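Structure first, then comments.
The values are calculated or read from the model by the stated rules, or taken from the named source; none is laboratory data. These numbers come from a predicted model, not from an experiment. Don't worry about glycine lacking a Cβ; one is built from the backbone with ideal geometry, like all the others, and counts go over all protein chains shown. Areas reflect the complete protein model, heavy atoms only, side chains present, ligands, DNA and RNA absent. Shrake-Rupley method; radii C 1.70, N 1.55, O 1.52, S 1.80 Å.
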Amino acid sequence: MFNPSRFPAKPGGFRESAYNEALLNRLVSNLFLWIVILLSLFANNCRMTPKTETQTPSTEQSASVDDANAIHRRAIAIDMHADTPQRLLDEQVDLAQRLPDGHFDSVRAREGGLSAQFFSIWVEPQLFGAGGATAIKRADEQIAAVRALAERHPETWQFATTAADIRRITADHKLAALTGLEGGYAIDEKLENVERYYKLGVRYMSPAWTESLSWAGSSGDEAGRTRGLNDFGRRVVREMNRLGMMVDVSHVSDKTFWELVNTSSKPVIATHSGCRAIANVPRNLTDEMIQALAKTGGVVNVIFYPEHLEPGWSDKKKKVDAEIADEVQRASAAEPGDVAHKKLARDRVRREEFARRLPPVMVSRLVDHIDHIVKLVGVDHVGIGSDFDGVQATLSDLKDISQLPNLTRELLRRGYSETDIDKILGGNMLRVMEATEE
Ligand SMILES: [Zn+2]
């Protein structure tokens, strides 16, 4: 805006022509400044608006949605945890199709702009043993199912084990399939089995799921309250470090957490956890744990499950579980199939009743956890681990992998830059993978 007070008072006499010249010069330079400002605004606007000519955002909001989509598509998005392999085995689902249920398939992964999926190789100890031949068989079959997915659909999937694989497969416009062991039951208390699973392609392992092992405590049972790592447990961690298998603390007891962090010489990760400061459940990490994990160079990949995100939701869920216990048991008894199919029948009832009886939770709550971690230890130590196909409830606006861009939209709305969003969606995990591979 023109401001006359910035010009000197008009002097008289012979100075007048010099004065006019000075005034003209200032006007010209001001005009030049305004042209530069207008041009840069115009150029910036061109960069921010969508790539196709047909899209003409008329409001600020539609422009920011397009920004979010573009930023999301450019990023390498790595989900650290989905339980889909059990569906491959027990339901024989074809992931190449859009499935009518569950949270994950190739079509929805493409829609959600996913680049790489760590498939969880989960041995449920109550059904398949906390060790022994059945646990090993259950793990091996899931790994084989993930490999078969890539072999049957090479146009979409490639099996991957390294950060370089993920970058190459993404550049090739395909999806990278990776594997991690959820619970060390399948190593059957034998150190050599760690290398066996590494050779089969497994790139992370959490020592325990909800049942403690002799060598590692879980956050899910009584034994875990006092159990950490024993001597064999520490040897397992050192073997994982030697091979280049990431150490995952999701599900372990607090004591085991601290011993893992103190034993591992490589970055430690949580593949699917939240913050206890927001949702106070034993599966989540305290602020001190998050700080210690960040010090190792690791990443907390925030889970998408309402129970670990929303304060009080876990207690409400326990109440509903008690109310529907008979109905769940009836469904299980009526299912003629094997133990895995009986579990599917129980999960079906729980999923329907949770959706009906429990309060909805939105993606903004997930971003509260991301914000909390960022404020605590910085943006280099946070990532994502959905737990899709492993939970009976989801966020209302992140119901399956196709809705992953809603997360980027919320991050952008809260002021995260594209560089930050790249790190959160997958960049931080690529860094940890590279450090683990060294
Ligand atoms: Zn889990």
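The table below lists the values:
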item	result
Relative contact order (percent, whole number), the stretch 253-407, Cα cutoff 8 Å, 6+ residue spacing	27 percent
The chain: equivalent-ellipsoid semi-axes (sqrt of 5 x gyration tensor eigenvalues, Cα, Å)	50, 24, 22
Chain lengthening between residue 152 and residue 418 when straightened (0.36 nm per residue, less Cα-Cα)	92.3 nm
Rh (Kirkwood; distinct C-alpha pairs) - the stretch 156-222, Å	13.4 Å
Residue order for 309, 99 - accessible surface, 1.4 angstrom probe, largest first	99, 309
Net charge of neighbours whose Cβ lies under 14 Å from the Cβ of residue 436, counting Lys and Arg as +1 and Asp and Glu as -1	-1
Cα gyration tensor shape for the stretch 69-133, rounded if a/c is under 1.5, else prolate or oblate	oblate
Carbon plus sulfur fraction of accessible area for the chain, probe 1.4 Å, in percent	54 percent
Most positive-pole-ward Cα, 146, 135, 161, against dipole of the stretch 56-178 from beta carbon charges	161
Taking the chain and dividing mean pair separation by its residue count, relative contact order in percent (alpha carbons under 8 Å, at least six apart)	16 percent
Residue among 412, 109, 269 farthest towards the positive dipole end of the chain, charges placed on Cβ	412
Cα-centre dipole for the chain with unit charges at Cβ (Lys and Arg positive, Asp and Glu negative), debye to 20	1060 debye
Over 29 Å (Cα to Cα) - which of 199/399; 266/375; 343/375; 174/343 fall in this group	199/399; 343/375; 174/343
FRET efficiency, 1/(1 + (r/R0)^6) with R0 41 Å, evaluated for residue 243 and residue 127 via beta carbons	0.90
Computed E for residue 96/residue 318 - FRET, C-beta separation, R0 30 angstrom, nearest 0.05	0.20
Whether the stretch 365-438 is rounded, prolate or oblate, judged on the alpha carbon gyration tensor where a/c under 1.5 counts as rounded	oblate
Global form of the stretch 301-382, assessed from the alpha-carbon gyration tensor, a/c cut-off 1.5	prolate
Within the stretch 140-246, percent of DSSP bridges classed antiparallel, to nearest 5	10 percent
Filter on 318/342; 137/423; 190/318 - keep pairs with C-alpha separation over 32 Å	137/423; 190/318
Solvent-accessible area per residue, Å², over the chain with all protein chains present [probe radius 1.4 Å]	46 Å²
Helix runs (DSSP H) in the chain reaching 24 Å along axis by Cα, Kyte-Doolittle at least 0.0	16-48
